[in-house]
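See below for the structure under consideration.
The values are calculated or read from the model by the stated rules, or taken from the named source; none is laboratory data. These numbers were taken from a predicted model, which means no experiment stands behind them. Here the Cβ positions follow ideal geometry from the backbone for every residue, glycine too, while neighbour counts run over all protein chains shown. The accessibility values were calculated without ligands, DNA or RNA, using every heavy atom of the protein model including side chains. Shrake-Rupley method; radii C 1.70, N 1.55, O 1.52, S 1.80 Å.
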Amino acid sequence: MKSNSGARSTLKPKKRKKRRKHGSYLQTKKKLDALVSKWIRLEHMGKDGLIECSTCDTKTEYKYMQCGHFMSRRYSNTRYHPFNLAPQCRGCNMFAQGRQWLMGRWLDRRHGKGTAMDMYKLSRSKNRITQADLNAIQHDFEQRIEAINKGD
């Protein structure tokens, strides 16, 4: 019998196959990202047609504003949660990494104390977002946009 004196085994570990998500799941996420971005900008647009950045108070036009996420989009549980979203200028969202601390303060002022902590906790939960969940969220945001366009 051969002794195992620190020598490496010649057997290679098996590679795990990555499970790819179905194409319609990814397509739905892409459409939903666009809907959410449109909604957040329309929701915060003033009567003058300008939107104020949640983290630096810059006011600018619709096309120059973005949908910022307090908890990163990689956390699917909070990716489309309305309390996790805020309008941000390109400078804050892209070049200042979202200014998370300032956005957290803004969320607490807008939605109530503790909202940022709630979003943090929710982002870390183990729940999975399914295709059915995405479809329901998409329908909800389509209705929200329609309500804004009607002036409700």
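Some observations on this one:
- Restricting region 47-116 to trypsin sites (Lys or Arg not before Pro) in coil, as DSSP defines it, with at most 12 other Cβ within 10 Å: 47, 74, 113
- Directionally averaged shadow of region 49-118, computed from the convex hull of its alpha-carbon atoms, nm²: 4.5
- Surface accessible to a 1.4 Å probe, per residue, for the residues of the chain, Å²: 74
- Listed residue (50, 32, 64) projecting farthest to the positive dipole end of region 7-137, Cβ model: 32
- 3J(HN,Hα) from dihedral phi, region 78-95, Karplus parametrisation 6.51/-1.76/1.60, rounded to Hz, x for glycine, proline: 10, 4, 10, 6, x, 7, 9, 10, 7, x, 9, 6, 4, x, 6, 6, 9, 9
- Charge-dipole axis of the chain as Lys and Arg at +1 and Asp and Glu at -1 on Cβ define it, positive-most pick from 76, 151, 116: 76
- With every protein chain in place, the chain: carbon and sulfur % of accessible area (1.4 Å): 50
- With 24 Å as the limit, the listed pairs 29/63; 30/59; 31/121; 38/150; 63/150; 38/59 have 30/59; 31/121 beyond it between alpha carbons.
- Two-decimal log10 I(q)/I(0) for region 107-152, as the Debye equation yields it once each C-alpha is a single scatterer, q = 0.15 Å⁻¹: -0.65
- Evaluated at q = 0.09 Å⁻¹: base-10 log I(q)/I(0), Debye formula over Cα of the chain: -0.38
- Estimated dipole of the chain in Debye, rounded to 20 [Cβ of Lys and Arg +1, of Asp and Glu -1, Cα centre]: 1700
- Between region 55-76 and region 99-152, the alpha-carbon center distance in angstrom: 13
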